[in-house]
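*Asks:* Take a look at this one; I'll ask things after.
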Amino acid sequence: MNQEVNYENLKYFIESYFNWSMDYADLENLIEEFKNRELPAYVEGLTQEIEEINELKIWDRVQEFIYLYGQRNLNIKKIERMIELLLTKLHGDK
């Protein structure tokens, strides 16, 4: 990666929930599971990271990040949808 992206909460989410063994179709349920199981500080941390990614629109760097930590090769459109879904689900039911 050009400039190192340091999203520890996203890294944890990818490694522990949305890893290579999970199907992309399960993403919505995985986000809910994360919200219900993790401490509020981690949920808030992931929310902040996702908001930053959405603002910066650094899709190519996020694509590399997801491949590095989740062994997933997602196209840019899927990454954009993933970020949108994360934003929607993380902001809901607060």
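The values are calculated or read from the model by the stated rules, or taken from the named source; none is laboratory data. Computed from a prediction, not measured in an experiment: that's the story for all the values here. No Cβ is skipped: glycine too gets one built from the backbone with ideal geometry, and neighbour counts run over all protein chains shown. All accessible areas refer to the heavy atoms of the entire protein, side chains included, with ligands and DNA or RNA removed. Shrake-Rupley method; radii C 1.70, N 1.55, O 1.52, S 1.80 Å.
*Asks:* Go through (1) under 11 Å from the mean Cα position of the chain (by Cα); (2) surrounded by 13 or more Cβ atoms within 10 Å (Cβ to Cβ); (3) acidic (Asp, Glu) one by one and return the number of the condition residue 38 breaks.
*Replies:* (1)
*Asks:* For the condition under 10 Å from the mean Cα position of the chain (by Cα) and either part of a loop (DSSP other than H, G, I, E, B) or at positive phi (or both), what is the one hit in 18, 13?
*Replies:* 18
*Asks:* Just wondering, is there one or more residues in the stretch 5-16 that are free of Cβ contacts under 8 Å to residues at least 12 places away in the same chain and not polar (S, T, N, Q)?
*Replies:* The answer is no; no qualifying residue exists.
*Asks:* Let me ask another. Residue by residue through the stretch 1-19, note down the ones that are at pLDDT 80 or above and over 10 Å from residue 65 (Cβ atoms).
*Replies:* 8, 9, 12, 13, 15, 16, 17, 18, 19, listed by residue number.
*Asks:* Search the stretch 44-75 for residues being under 12 Å from residue 9 (Cβ atoms) and open to solvent by 20 Å² or more (accessible area, probe 1.4 Å), and hand back the single one that is modelled with the lowest pLDDT.
*Replies:* Result: 69.
*Asks:* Which pairs turn up if I take residues in the stretch 20-49 that are free of Cβ contacts under 8 Å to residues at least 60 places away in the same chain and hydroxyl-bearing (Ser, Thr, Tyr) and look for partners that are part of a helix (DSSP H, G or I) and open to solvent by less than 20 Å² (accessible area, probe 1.4 Å) with beta carbon separation below 6 Å, at least 6 apart in sequence or on another chain?
*Replies:* Listed by first residue and then by second, the contacts come to 47/90.
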